[in-house]
Amino acid sequence: SGNDVEMVFEKLEPVPEAELTGTRWILDGLIQGDTVTSPVAGSEGFIELLSDGSVTGDTGCRPFSGQYIIEGAEVLMPELAADGHECEPEFADQDNLFFSVVGDGFRVDIEGNRLTMSSRGAEGLTFIAGQ
């Protein structure tokens, strides 16, 4: 406080952090090198890692499921199977990138309600926690 001034402080609640497991993560970005692009319009990609070690999702073109393990700083998917149908040409690159990142093992960064999966190369995917 001072001449004609009084400052009042209140403790703010921390920003809620979404959890990696048990959250439906909605695809909202494709990372290739220094470039980040939006998913194909009309696609509804997502991934959900469950606490029992199973994973389900959709690349925006075809569904997939499998098992994951956390090994050190990486998430690995030793069992991963996708619906066998071919993607339409406009979805093929997104589908390929999704499986390249998820299938090869990835690192995770969660900030608030945003998830970034980064592969060993310069590829990645960004997600937002589903509502």
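The values are calculated or read from the model by the stated rules, or taken from the named source; none is laboratory data. Because the structure is predicted, anything quoted here is derived from the model rather than measured. Counting neighbours? That spans all protein chains shown, and the Cβs are built from the backbone with ideal geometry, glycine included. Note: areas computed on protein heavy atoms with side chains; ligands, DNA, RNA excluded. Shrake-Rupley method; radii C 1.70, N 1.55, O 1.52, S 1.80 Å.
Odds and ends about this structure:
- Boolean, V101 is part of a loop (DSSP other than H, G, I, E, B) and β-branched (V, I, T): no
- Matching residues, the range 110-131, being of a type outside the set (V, I, T), assigned to a strand (DSSP E or B) and over 14 Å from T21 (Cα atoms): E111, S118, S119, E123, G124, L125
- Test: residue in the range 50-66 that is free of Cβ contacts under 8 Å to residues at least 24 places away in the same chain, more than 19 Å from T23 (Cβ to Cβ), open to solvent by 60 Å² or more (accessible area, probe 1.4 Å) and in a loop (DSSP other than H, G, I, E, B): no
- Count - residues of the range 18-32 that are open to solvent by 40 Å² or more (accessible area, probe 1.4 Å) and assigned to a loop (DSSP other than H, G, I, E, B): 3
- Filtered by the rule that a residue be out of contact with any Phe, Trp or Tyr (no Cβ under 6 Å at 6 or more places or on another chain) and within 18 Å of R114 (Cα to Cα), the range 50-61 gives a lone residue, L50.
- Filter pass, E79 being more than 21 Å from G130 (Cβ to Cβ), touching a residue at least 40 places away in the same chain (Cβ under 8 Å) and either basic (K, R) or outside any loop (DSSP other than H, G, I, E, B) (or both): no
- Failed criterion for L97 (all others in (1) touching an Asp or Glu at 6+ places or on another chain (Cβ under 7 Å); (2) open to solvent by 40 Å² or more (accessible area, probe 1.4 Å) hold): (2)
- Only residues that are more than 13 Å from the chain's Cα centre (by Cα) and touching a residue at least 60 places away in the same chain (Cβ under 8 Å) were counted across the range 35-47, and they come to 1.
Residue-wise test of (1) in contact with a Pro (Cβ under 6 Å, 6 or more places away or on another chain); (2) at pLDDT 90 or above; (3) surrounded by 16 or more Cβ atoms within 10 Å (Cβ to Cβ).
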position: V15; (1), (2), (3): no, no, no
position: G42; (1), (2), (3): no, no, no
position: V75; (1), (2), (3): no, yes, yes
position: H85; (1), (2), (3): no, no, no
position: A92; (1), (2), (3): no, yes, no
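- Residue check, S38 within 21 Å of N113 (Cα to Cα), among the polar types (S, T, N, Q) and open to solvent by 70 Å² or more (accessible area, probe 1.4 Å): yes
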